[in-house]
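Single-structure report; data block below.
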Amino acid sequence: MLNIVLFGPPGAGKGTQSQKLIAHYNLVHLSTGDLLRAQIAQGTELGLTAKKLMDEGLLVPDAVVIGMIGSALETNPQVGGFIFDGFPRTVAQAESLDHLMAEHNTHIGCMIALEVQEEELVTRLLERGKTSNRPDDQDETKIRRRVKVYNTETAQVAGYYATQKKFHALNGIGPIDSIFAEICGLIDQHKAAVPETPAAATNEVKA
C-alpha cells in the first residue's frame, strides 16, 4: 500500500497534483476537513463528538481526527493507498499517524512539499479568487497570513519526516505534467527502496 503526505501552501498546485496522483496510483484522497464534514453528515459517534466541540468553538482533538482517518483506512481496503492532504500539521500528529499506519501493517512512504515563492502564491490566489468566490482568495492580507501559517506548521513536520529520509521539497513552478513526473519519480524511488512488509503485502493481496 502506497501512502503519501502531500504538502504545499495555498496556491501551490497541490489540488491539481493530488488528482493526478490519485488517478495514477489508485489512491484515496484524505482531507481532514472532508473527513470531519462526512462524519458529521453521517451522524457517527466521532462526527457527533467533533460537531459538539466545533459548535463550542473548540478545536477537534488529534485523537478524534486520527480516529476518523482510521475509519477511512478500514472502509477502503481495496485501494492502492492514501494521499494525505495537509495532514499531519504537527509532529504529534505525525507520530500518531505513524502509529495508526503501523496498526494497519503499512506506513507513510514519503512526504512531498511543493515550494512556491510567496509573491507567486499571492498572484495565483488573487487570480483564483476571481472565479472561486472564496473570500480568503480575494484578500491579500488573508492570503499572506495563510502562507505564513503553512510555513510555520510545515517546518516542524518536514523535520520529522526528514529524519526518516522521507521528506522531499519540489519546485511547484513549471508545467503541471513536468512537476507530476518529478513527483512520480520520487514516489517510485521510495516504493523500490522500501518494499511493503510481509503483513502489509498479505493484506493487499486479500483486498
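The values are calculated or read from the model by the stated rules, or taken from the named source; none is laboratory data. None of these values were measured; they are calculated from a predicted model. As a convention, Cβ positions derive from the backbone with ideal geometry for all residues, glycine included, and neighbour counts pool all protein chains shown. For accessibility, only protein heavy atoms count, side chains too; no ligands or nucleic acids. Shrake-Rupley method; radii C 1.70, N 1.55, O 1.52, S 1.80 Å.
Descriptive notes on the structure:
- Label sites at Val91 and Glu127, each approximated as a point 7 angstrom past Cα along Cα to Cβ, lie 3.8 nm apart.
- Extension gain, Ile173-Lys191: 0.36 nm per intervening residue step, less the Cα-Cα distance, totals 4.0 nm.
- Restricting segment 91-165 to trypsin sites (Lys or Arg not before Pro) in coil, as DSSP defines it, with at most 11 other Cβ within 10 Å: Lys165
- Cα gyration tensor, segment 99-201 - rounded (a/c under 1.5), prolate or oblate: prolate
- Using only side-chain charges placed at the Cβ, +1 for Lys and Arg and -1 for Asp and Glu, the dipole size of segment 1-70 relative to its Cα centre rounds to 260 debye.
- Carbon/sulfur fraction of accessible area - the chain, other protein chains in place, 1.4 Å, %: 55
- Full extension of the segment from Leu53 to Ala38, taken as 0.36 nm per residue of separation minus the current Cα-Cα distance, would add 3.8 nm.
- In the context of the full set of protein chains, residues of the chain present 53 Å² of accessible surface per residue (probe radius 1.4 Å, heavy atoms only).
- Gained length - Glu118 relative to Asn26, 0.36 nm times residue gap less alpha-carbon distance: 29.9 nm
- Cα centroid of segment 22-48 to Cα centroid of segment 58-76, whole Å: 9
- Order of exposure, largest accessible area first, which applies to Met111, Met1 with probe 1.4 Å: Met1, Met111
- Cα-based shape type of the chain, given that a ≥ b ≥ c are square roots of the gyration tensor eigenvalues and the cut on a/c is 1.5: oblate
- Entries of Lys142/Lys166; Lys20/Lys191; Lys20/Lys51 with Cα pairs more than 24 Å apart: Lys142/Lys166; Lys20/Lys51
- Site pair Glu103 and Val149 shows an inter-label distance of 2.8 nm when each label is modelled 7 Å from Cα along Cα→Cβ.
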